[in-house]
Amino acid sequence: MQVKLMDFWPRILEATNQTLLMVGISLLAATLIGLPLGIALVVTKDGGLLENKPIFNALSSVVNFFRSIPFIILLVAILPVTRFIVGSSIGTAAAVVPLVIFSAPYIARLVESSLLEVKSGVIEAAEAMGATPWQIIARVYIPEALSSIVLNLTIATIGLVGASAMAGFVGGGGLGDLAISYGYQRFETDIMIATVLLLVVIVQITQTIGNFVSKKIRRQ
């Protein structure tokens, strides 16, 4: 039985809200993990402010390990962990757990890349003035790399939108779940098109906002 698209809009709007909620919470949690992890990778590397090869190798190995696992496999592999944390393996809340585990290492590498763009001369000048490593991190590294970090977080957000749609395969809710449940399994082509267009709009708006904020920071 075909579902009329106009009658289905409340469900589409609900799925959109679920997607935005998943992405927003996952981005916040992953950034809280990935930002300090990315900073740690930079300052503990060879020649870093707090050079420590064992810590750097351990952190880098953990990041590489989780980054090497495709999201759809990670999603299924940690179902017991997800169930333990949120009490369920399906739904919007359950989808947040693998999204955070998937995106935090990715954000760490993006932050590392942004911080490595900071010119060494600026760091050396701060050290010559007697700034401590923590002062250099807070007052030099992060401010100098902030524009790049914003752009990279925009990339991470767009990746999260795609991953949240993939979470629909295991009943994660959101637009991906809707597209699979109705657009694919019930052959509701108009619903599939509507969900795809909404995902495209979300990505476009995210990229536009990220570009605007990054450019504004760069001009300051």
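Compute the projected area of the convex hull of the Cα atoms of the range 63-179, averaged over all viewing directions, and report it in nm² to one decimal place. Before the final figure, lay out the partial values.
Values: hull surface 33.7 nm².
Computing the convex hull of the Cα atoms and averaging its projections yields 8.4 nm².
Taking only Cα atoms and a 10 Å spring cutoff, compute GNM fluctuations for the chain and point out the largest among S61, S164, S120.
S120
So how many Lys-Lys pairs in the chain land under 23 Å Cα to Cα, not counting same-chain pairs under 8 apart? It would help to have the intermediate numbers written out before the result.
On the way: K45/K53; K45/K119; K53/K119; K119/K215; K119/K216.
Count of close lysine pairs: 5.
For the residue pair V86 and I73, what label-to-label distance in nm results when each label sits 7 Å from Cα along the Cα-to-beta-carbon direction?
My value for the distance between the label points is 2.3 nm.
If you take the charge dipole of the chain about its Cα centre, with +1 on Lys and Arg Cβ and -1 on Asp and Glu Cβ, which of L50, S147, P36 is farthest toward its positive end?
The one lying farthest along the dipole's positive direction is S147.
Please grab the % of Cα pairs in the chain that end up more than 28 Å from each other. Kindly include the intermediate steps, with their values, before the conclusion.
Details: 9483 of 24090 pairs.
The proportion of pairs with Cα distances above 28 Å equals 39 percent.
Determine, for each peptide in 99-105, 203-209, the mean count of other beta carbons within 10 angstrom over its residues, then list the peptides with the highest first.
Working: 99-105: 24.0, 203-209: 13.3.
Per-residue Cβ counts within 10 Å, averaged per peptide and sorted highest first, yield 99-105, 203-209.
Highest mean first, how do 131-139, 145-153, 106-114, 65-73 rank when packing is the count of other Cβ atoms within 10 Å averaged over residues?
Answer by packing, highest mean first, reads 106-114, 145-153, 131-139, 65-73.
When the solvent-accessible surface of protein heavy atoms is calculated with a 1.4 angstrom probe, in what order do E144, E127 fall, highest first?
Working: E144 115, E127 95 Å².
I get E144, E127, largest accessible area first.
In the range 1-102, if the dipole is taken from +1 on Lys/Arg beta carbons and -1 on Asp/Glu beta carbons about the Cα centre, which of N17, I73, G91 is farthest to the positive end?
Sorting the options by dipole projection puts first I73.
The values are calculated or read from the model by the stated rules, or taken from the named source; none is laboratory data. Computed from a predicted model, the values in this text were never measured in an experiment. Heads up, the Cβs are rebuilt from the backbone with ideal geometry, glycines too, and the neighbour counts pull from every protein chain shown. For accessibility, only protein heavy atoms count, side chains too; no ligands or nucleic acids. Shrake-Rupley method; radii C 1.70, N 1.55, O 1.52, S 1.80 Å.
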